[in-house]
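Engineer: Quick one: structure below, then a few questions.
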Amino acid sequence: MIKKSFFGLLKPRLEYDIIDSKTTAPREITVSKTVQLLSNRIFDKKDSILIQVGDEVRTGQKLSLIKGEDDYVISPVSGAITSISPYTGNFGMLMTSIVISKNSKEETDGRFAEAAKSPSLQTTTDFLAHLPGFFPISLLSKQTPKIKTLVIHGMDTDLLVTTRQQIVKASAPAIKKGIQILKEISGIETFIIVVPETLFHEAVSTGATVKTIASNYPSASPYLILKNILGMELPAGDCFEKHGIAVVSAEAVASLGKAYQKQEIPTQKVLTVIDKTGTQKLVSVSIGTPLKDIFSALNIRAEDGDRIIIGGPMTGLSTYSEDHPVCPDTDAVIVQDRSMISCVSNNACINCGECVRICPAKIQVNMLVRFLEACLYDDAVDRYDLFSCIECGLCSYVCTAKIPVFQYIRLSKQELTGIQSTEAENV
Amino acid sequence: MFNQKKFIVSHAPFWHDGSSLSTKHYHIMLAATLAVIPGFVQYGGPAVAVVCFSIATAMIWEMIINKIAKQPVTIGDGNAALIGLLLAMMIPATTPWWAVLTGTFLAIVIGKQIFGGLGGNPFHPVVVSMAILSLSWKGIFDFNEALLPYDFNFTMAYPLASLKAFGPDSISSFSITDLLIGRQTGGIGSTCGIALLIGGLYLILRGFIRWEISFSFLAGAFVTAFLFTLFGEEGKYAGPLFHIFTGYTLIGAIYLATEDSSSPVNFIPMLLYGAGCGIMTILIRNIGAYVDGVVLAIFLMNLANPLIDKIRPKALGKVA
Ligand code: SF4
Ligand code: SF4
């Protein structure tokens, strides 16, 4: 954990981890017994669901819960469905969990291979919505406005994480292929890849316009990339799509490329695992793998009182169970030792202004927090720029009174915008 | 479910820079103590007694209010102790115990707790307390009167009082070096300029107080005093350094004006606020009715703070 420097006059300088030539390829970890897939669709008893407990599934098979619904998951293993149940995700988001127990016989579902012979938007929409790295496929068929610019994000958005950089380093050809496919099937005209300086050469080989970003946090925030690199300030509260821009992770584009290259749906997710000592390890696992399988393969012991964080130290989400599965957008997992856990408090804001001076969005956080604590959301938005927040977490990180400022911000945004925005911001 | 491990579930960020209220307040106290030591040496036992009593009663008042309001006890954050210490630094070593007790009551209860406690106070609690105290018992807080029992080997007149009463000629016996090393009368912890400056520098470098405010305070005072000597009636006004090293200027610039809750957080407002304090201090001293203007100047700028702090940068993506 990076503490305030002795000379606190200087702003804390948080740096992203940048991979170097010594970084080794991700270690593959195989699923032990079961995988758990999370579908955004909720079902209730009345719905006639398409899949049943006991059904046999093949690797790469598309599993839709309800007829006529777009939402589906892709089975990364061959086996049988052992449970289908409601699941509550982050911020109370309701989902459905599908558990598949793996059997020894590996069978691949051939439907995608058949369809992939001629790449099309239809095939992509039908089969590739659950790709490692999470590609927001629905954006491609959006009409007003059409997505014209795709920003391929080759930099990790949180500290300690090197997942996306690893993808750019190792899978530049796949990204190139992905871009080719996207050019064919969508109306996207401009492809921009954003990487740290060190990955410049790999990035150039993808054929996209290369932009490099600095290594100081939070310059990899999509909002700041837009502002500093594309010279466009997104009006507060607007989503990227509204301006014809999509930001997707490099891994998503690479997965898309691989899917058409190999004519099979990729299911291996790369992620950075950070153990209690802060050491990072890159692993490659099936989507749906329970975290505990990864921990046992890496000899990490998570005990009572420790914290398991999905995502990075600044913006991740903690989970209460090591059974939690790897999802298409899981870029990192941290196991934090109980001794490292810093507590929040219920102190009032002392108006020290540390948060104001560090906020990259220039928000008057000291005032904002007062309005959020009082649940005065309208004022928070109109007068104190709640929607300008780029969700970097720095305000909480520096708060002298240890107020969970960032949590207040996230919750109130959630309250105000509903669930959809999480998807858009997950890029 | 029963054998499931219990992990801590909480919110991002999962890191914190390690700062805390208590660290901040204890460091400020530590730095301030440096300026109290010369006071101890000069005035001996009574000064020690006033300081200890002030800190103790400030903490007790805070605890009493916590209990009455059924809040968690907040003396652990060090703020009450800091208020007690700062108050003691500003008063003469001869202050009677009941006046100290009233002073801490005014600071903690009237200055801080009725506004909702730490962070809610629009004025510096010590400034509120000092303003009321000196209006109520002029004699106790008049350094010339209060320090009569003492005689040191330097001029025993309170420099600012002499200046007010007899003009700059009367202060020729104070050399700047003397003022700087505390060879002057005044509050227990507000006379030794060099100790205050070192403490301030330490706090600024460690990021516990904001340099913008202290710096602009002193700059504002310096420039204003200088302009007075330049354009004012010849021989009527004292020089800028005299003003900076006497009275409460330094303690005000370093420890009072920089209090978080009553000062701005944005860059330009901090400069305006600090400069305002400094300018007003000199205006009050030179043309106002009071001997020292620091307390009133800070009080007025505290009042203006919410307004000044409205000058802020445009937030990201804000469409006007
Ligand atoms: S999380 Fe906090 S510091 Fe970051 S942009 Fe939002 S308000 Fe500013
Ligand atoms: S850092 Fe915390 S205590 Fe300081 S102004 Fe911001 S919210 Fe208030």
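Engineer: Among the candidates B:L316, B:L300, B:L307, single out the residue that is without any contact (Cβ under 8 Å) to a residue 12 or more places away in the chain and either assigned to a helix (DSSP H, G or I) or more than 14 Å from chain A (Cβ to nearest Cβ) (or both).
Structural biologist: Among B:L316, B:L300, B:L307, only B:L307 is without any contact (Cβ under 8 Å) to a residue 12 or more places away in the chain and either assigned to a helix (DSSP H, G or I) or more than 14 Å from chain A (Cβ to nearest Cβ) (or both).
Engineer: Name the pairs whose Cβ atoms lie under 6 Å apart, with the first residue in segment B:93-119 and within 16 Å of ligand 2 (Cβ to nearest atom), the second among the small types (G, A, S) and assigned to a loop (DSSP other than H, G, I, E, B), and 6 or more positions between them or separate chains?
Structural biologist: B:G119/A:A348; B:G119/B:S261
Engineer: Then there's this: Given the conditions (1) more than 8 Å from every other protein chain (Cβ to nearest Cβ); (2) assigned to a helix (DSSP H, G or I); (3) within 11 Å of ligand 1 (Cβ to nearest atom), which single one is not true for A:Q414?
Structural biologist: Result: A:Q414 passes all but (3).
Engineer: Hey, does segment B:240-249 have a residue that's touching a Lys or Arg at 6+ places or on another chain (Cβ under 7 Å) and away from chain A (no Cβ under 14 Å)?
Structural biologist: yes
Engineer: State which residue is farthest from ligand 2 (Cβ to nearest atom) when the search covers only segment A:386-399 and only residues that are open to solvent by less than 10 Å² (accessible area, probe 1.4 Å) and out of contact with any helix residue (DSSP H, G or I) (no Cβ under 7 Å at 6 or more places or on another chain).
Structural biologist: Going through the qualifying residues, I end up with A:S388.
Engineer: Suppose we keep only residues that are over 19 Å from A:L14 (Cβ atoms) and part of a helix (DSSP H, G or I) within segment A:339-368. Which one would you say is nearest to the other protein chains (Cβ to nearest Cβ)?
Structural biologist: A:N366
Engineer: Let me ask something else about it. Does segment A:192-213 contain any residue that is part of a helix (DSSP H, G or I), of a type in the set (S, T, Y), out of contact with any Cys (no Cβ under 8 Å at 6 or more places or on another chain) and away from ligand 1 (no atom under 16 Å from the Cβ)?
Structural biologist: The answer is yes, given that some residue of segment A:192-213 is part of a helix (DSSP H, G or I), of a type in the set (S, T, Y), out of contact with any Cys (no Cβ under 8 Å at 6 or more places or on another chain) and away from ligand 1 (no atom under 16 Å from the Cβ).
Engineer: May I ask you to say which residue of B:T104, B:T95 is among the β-branched types (V, I, T) and part of a loop (DSSP other than H, G, I, E, B)?
Structural biologist: B:T95
Engineer: Could you please let me know if B:T57 is of a type in the set (S, T, Y), open to solvent by less than 60 Å² (accessible area, probe 1.4 Å) and away from every other protein chain (no Cβ under 14 Å)?
Structural biologist: yes
Engineer: If you check A:I363, A:I358, A:I409, A:I403, which single one turns out to be outside the structural domain of A:P328 (by TED's automatic domain parsing), under 18 Å from A:F91 (Cα atoms), at pLDDT 90 or above and within 15 Å of ligand 1 (Cβ to nearest atom)?
Structural biologist: A:I409
Engineer: Go through segment A:369-379 and give me each residue that's open to solvent by less than 40 Å² (accessible area, probe 1.4 Å) and either within 9 Å of another protein chain (Cβ to nearest Cβ) or over 27 Å from the mean Cα position of the chain (by Cα) (or both).
Structural biologist: If the condition is that a residue be open to solvent by less than 40 Å² (accessible area, probe 1.4 Å) and either within 9 Å of another protein chain (Cβ to nearest Cβ) or over 27 Å from the mean Cα position of the chain (by Cα) (or both), then A:F371 is the only one that fits.
Engineer: Hey, another quick one. Please go through segment A:122-149 and pick out each residue that is part of a loop (DSSP other than H, G, I, E, B) and open to solvent by 30 Å² or more (accessible area, probe 1.4 Å).
Structural biologist: A:A129, A:F134, A:K142, A:Q143, A:T144, A:P145, A:K146, A:K148 - these are the residues of segment A:122-149 that are part of a loop (DSSP other than H, G, I, E, B) and open to solvent by 30 Å² or more (accessible area, probe 1.4 Å).
Engineer: Has segment B:66-74 got any residue that is in a helix (DSSP H, G or I), open to solvent by less than 40 Å² (accessible area, probe 1.4 Å) and within 14 Å of chain A (Cβ to nearest Cβ)?
Structural biologist: There is at least one residue in segment B:66-74 that is in a helix (DSSP H, G or I), open to solvent by less than 40 Å² (accessible area, probe 1.4 Å) and within 14 Å of chain A (Cβ to nearest Cβ).
Engineer: Is it fair to say B:G207 is small (G, A, S), without any contact (Cβ under 8 Å) to a residue 24 or more places away in the chain and in the same structural domain as B:F166 (by TED's automatic domain parsing)?
Structural biologist: yes
Engineer: Restricting the search to segment A:323-360, which residues are within 14 Å of ligand 2 (Cβ to nearest atom), open to solvent by less than 40 Å² (accessible area, probe 1.4 Å) and not polar (S, T, N, Q)?
Structural biologist: Selection gives A:C349, A:I350, A:C352, A:G353, A:C355, A:V356, A:I358, A:C359.
Engineer: A:F43 versus (1) open to solvent by 60 Å² or more (accessible area, probe 1.4 Å); (2) assigned to a loop (DSSP other than H, G, I, E, B); (3) aromatic (F, W, Y): which is the lone unmet condition?
Structural biologist: Of the numbered conditions (1) open to solvent by 60 Å² or more (accessible area, probe 1.4 Å); (2) assigned to a loop (DSSP other than H, G, I, E, B); (3) aromatic (F, W, Y), the odd one out for A:F43 is (1).
Engineer: Kindly indicate the residue of segment A:306-318 that is more than 7 Å from every other protein chain (Cβ to nearest Cβ) and under 21 Å from A:N40 (Cα atoms) and also farthest from the chain's Cα centre (by Cα) among those meeting that condition.
Structural biologist: A:I310
Engineer: Let me ask something else about it. Among the residues in segment A:319-327, are any among the charged types (D, E, K, R) and farther than 29 Å from B:F208 by Cα?
Structural biologist: yes
Engineer: Can you name every one of the helices (runs of 4 or more DSSP H) wholly within segment B:158-234 that holds 3 or more residues which are crowded, with 16+ Cβ neighbours inside 10 Å and within 14 Å of chain A (Cβ to nearest Cβ)?
Structural biologist: B:193-205, B:211-231
The values are calculated or read from the model by the stated rules, or taken from the named source; none is laboratory data. Bear in mind that the values here come from a model prediction, so they are computed numbers and not experimental data. All Cβ positions, even for glycine, are placed from backbone atoms using ideal geometry, and neighbour counts span all protein chains on display. Only protein heavy atoms, including side chains, enter the accessible area calculation; ligands, DNA and RNA are left aside. Shrake-Rupley method; radii C 1.70, N 1.55, O 1.52, S 1.80 Å.
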